[in-house]
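What follows is one structure encoded as structure tokens, with my remarks underneath.
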Amino acid sequence: MFKRIKEDIDNVFENDPAARSVLEVVLTYSGLHATWAHRIAHWFYKRRFFFIARAISQISKFFTGIEIHPGAKIGRRFFIDHGTGVVIGETCEIGDNVILYQGVTLGGTGKEKGKRHPTLKDNVLVASGAKVLGSITIGENSKVGAGSVVLKDVPPNATVVGIPGKVVIQDGVKTTTNKKLDHQNIPDPINDRFVKLEKEIKELKQQLVESQKER
């Protein structure tokens, strides 16, 4: 238990340059508190003490602003940065070394039964405000850009942005050793499409002018 606690604290220092001391991390990091509370709640949930598990998760939500259903399965070195507004559904499965930023939702799309929440493989990063919905899989080492809405499976080593989310980079960068995401310079497929359309319009206008001159 103490080894896992130390691992969690070390993970905070690895992913957050604002962390200054162990005491500060242990006492003030809501993402860490929510993760620890979830482990306790999940222990009760697996033993079918559902009310106690839900009570722990709701108390944690009240103090941290992070809602993690006790049924969710979360791997090691899980990091939530800031965390306010993060929601993780009951049938979510999260691998190792996953990073979530504030406002992320890992939710369902309706009242379907069974597996209805996302699966995030190892080394996935989900940026601020992104929504990953439904029983879909985000592949290893992939990144979801800020504000994106992802409704379909994402392959490994990919970057997804937009509404709905589209894969804009795959196997183009080495993400296994660098999980950081530059939130100010993520690709914008909608803007790229507008630029392409504007170029096509200019070419059509030029062709029209040349056609009129020939007449």
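Select from the range 5-41 the residues that are in contact with an Asp or Glu (Cβ under 9 Å, 6 or more places away or on another chain) and among the acidic types (Asp, Glu) and list them in ascending order. If the condition is that a residue be in contact with an Asp or Glu (Cβ under 9 Å, 6 or more places away or on another chain) and among the acidic types (Asp, Glu), then 16 is the only one that fits. When the strands (runs of 3 or more DSSP E) confined to the range 111-215 are screened for residues that are farther than 20 Å from residue 81 by Cα and at pLDDT below 90, those reaching at least 3 such residues are found at 166-170. Counting just the residues of the range 54-80 that are over 19 Å from residue 107 (Cβ atoms) and crowded, with 16+ Cβ neighbours inside 10 Å, which one comes out nearest to the chain's Cα centre (by Cα)? Going through the qualifying residues, I end up with 79. Pairs are defined by a Cβ separation below 7 Å, a sequence spacing of at least 6 or placement on different chains, a first member in the range 87-115 that is farther than 12 Å from residue 132 by Cβ and of a type in the set (A, V, I, L, M), and a second member that is at pLDDT 90 or above and not in a loop (DSSP other than H, G, I, E, B); the pairs so defined are 99/79; 99/125.
Scan the range 128-146 for residues that are under 15 Å from residue 167 (Cα atoms) and out of contact with any strand residue (DSSP E or B) (no Cβ under 6 Å at 6 or more places or on another chain) and jot them down. The answer is 136, 140, 141, 146.
The values are calculated or read from the model by the stated rules, or taken from the named source; none is laboratory data. All figures in this text were calculated on a predicted structure; none of them were measured in a lab. Please note: Cβ atoms are built from the backbone with ideal geometry, for glycine as well, and neighbour counts cover all protein chains shown.
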